[in-house]
1. Kindly evaluate I150 against the criterion of being touching an Asp or Glu at 6+ places or on another chain (Cβ under 7 Å) and either more than 20 Å from A44 (Cβ to Cβ) or at pLDDT 90 or above (or both).
2. If you take the residues in the range 85-102 that are surrounded by fewer than 20 Cβ atoms within 10 Å (Cβ to Cβ) and among the small types (G, A, S), which one is modelled with the highest pLDDT?
3. Which condition breaks for R50 when tested against (1) open to solvent by less than 70 Å² (accessible area, probe 1.4 Å); (2) over 18 Å from E9 (Cα atoms); (3) not hydroxyl-bearing (S, T, Y)?
4. Given (1) touching a helix residue (DSSP H, G or I) at 6+ places or on another chain (Cβ under 8 Å); (2) within 20 Å of L97 (Cβ to Cβ); (3) not aromatic (F, W, Y), where does S70 come up short, assuming only one miss?
5. When you scan the range 1-64 for strands (runs of 3 or more DSSP E) that lie fully inside it, which ones turn up with 1 or more residues that are under 20 Å from I158 (Cβ atoms) and touching an Asp or Glu at 6+ places or on another chain (Cβ under 6 Å)?
6. Could you give me the residue pairs with C-beta distances under 9 Å whose first residue belongs to the range 49-60 and is under 10 Å from V28 (Cβ atoms), whose second residue is among the hydroxyl-bearing types (S, T, Y) wherever it lies, and which are 6+ apart or on separate chains?
7. Name every residue in the range 6-22 that is of a type in the set (A, V, I, L, M, F, W, C), open to solvent by less than 20 Å² (accessible area, probe 1.4 Å) and within 16 Å of V102 (Cα to Cα), in order of residue number.
8. Which of the following residues is at pLDDT 90 or above and surrounded by fewer than 13 Cβ atoms within 10 Å (Cβ to Cβ): R66, R25, R38?
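The values are calculated or read from the model by the stated rules, or taken from the named source; none is laboratory data. It should be emphasised that the depicted structure is a prediction, and the values quoted were computed from it without experimental measurement. When we count neighbours, we look across all protein chains shown, and the Cβ atoms used for this are built from the backbone with ideal geometry, even at glycine. SASA here: full protein model, heavy atoms, side chains in, ligands and nucleic acids out. Shrake-Rupley method; radii C 1.70, N 1.55, O 1.52, S 1.80 Å.
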Amino acid sequence: MPATIDVVEFRMGNELYAMDIQLAREIVEMVPITPLPRAPDYIAGIINLRGEITTVISINRLLGIREQQSDAGRKIIIMVPGLAAGSNVGIIVDDVLSVIQVRDTDIEQIEGGVASGAGHFVKGIIKASVDSGERKKRGEEGDGDTALVIWIDAEKIIRELVDLQHKS
């Protein structure tokens, strides 16, 4: 019997992405973000989330994905605190779609071919079933019943950013 993995599926630009659900503490609506002076481009700023200062990362900028012009529908996925050495970190995504269970047989592992640049943050490609009504709602074309979802290694992304901050 194939093993299953729970992931949160979200949209960035015109593509579908996913990350391991256990890395997400919560998902919040977009709120005003206070920019930090002289911060790297991918740091959108900070927010006050129920009395906790949370650093917000623009994953679009970090991975080189075109950003949506409007904040409408955008969400912030707040990561579990242990991921960023105890700090509160959130990532901005264009929209959160659902939490899905994926069989390991529906995941195509990425081996070496995209290991440089932002590609080394990709864990694999998920072949997710999508019914035609859902596909139209998402604005996707085609008559197939499978959507390709890029499974990112959010843990690796956050840990590398924390390491960069400690080195500077």
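1. Working: touching an Asp or Glu at 6+ places or on another chain (Cβ under 7 Å): yes; either more than 20 Å from A44 (Cβ to Cβ) or at pLDDT 90 or above (or both): yes.
Yes; evaluated as a whole, the condition is true for this residue.
2. This residue is S98.
3. R50 satisfies every listed condition except (1).
4. (1)
5. Numbers: elements: 4-12, 15-20, 24-29, 43-49, 52-58.
Where strands (runs of 3 or more DSSP E) fall fully within the range 1-64 and carry at least 1 residues being under 20 Å from I158 (Cβ atoms) and touching an Asp or Glu at 6+ places or on another chain (Cβ under 6 Å), they are 4-12, 15-20.
6. These pairs meet every condition: T54/S87.
7. The initial filter retains those residues of the range 6-22 that are of a type in the set (A, V, I, L, M, F, W, C), namely 7-8, 10, 12, 16, 18-19, 21.
Then keep just the ones that are open to solvent by less than 20 Å² (accessible area, probe 1.4 Å); that gives 7-8, 10, 12, 16, 18-19.
Selection gives V7, V8, F10, L16, A18, M19.
8. Working: R66 fails: at pLDDT 90 or above; R25 fails: surrounded by fewer than 13 Cβ atoms within 10 Å (Cβ to Cβ).
Just one listed residue meets the conditions, R38.
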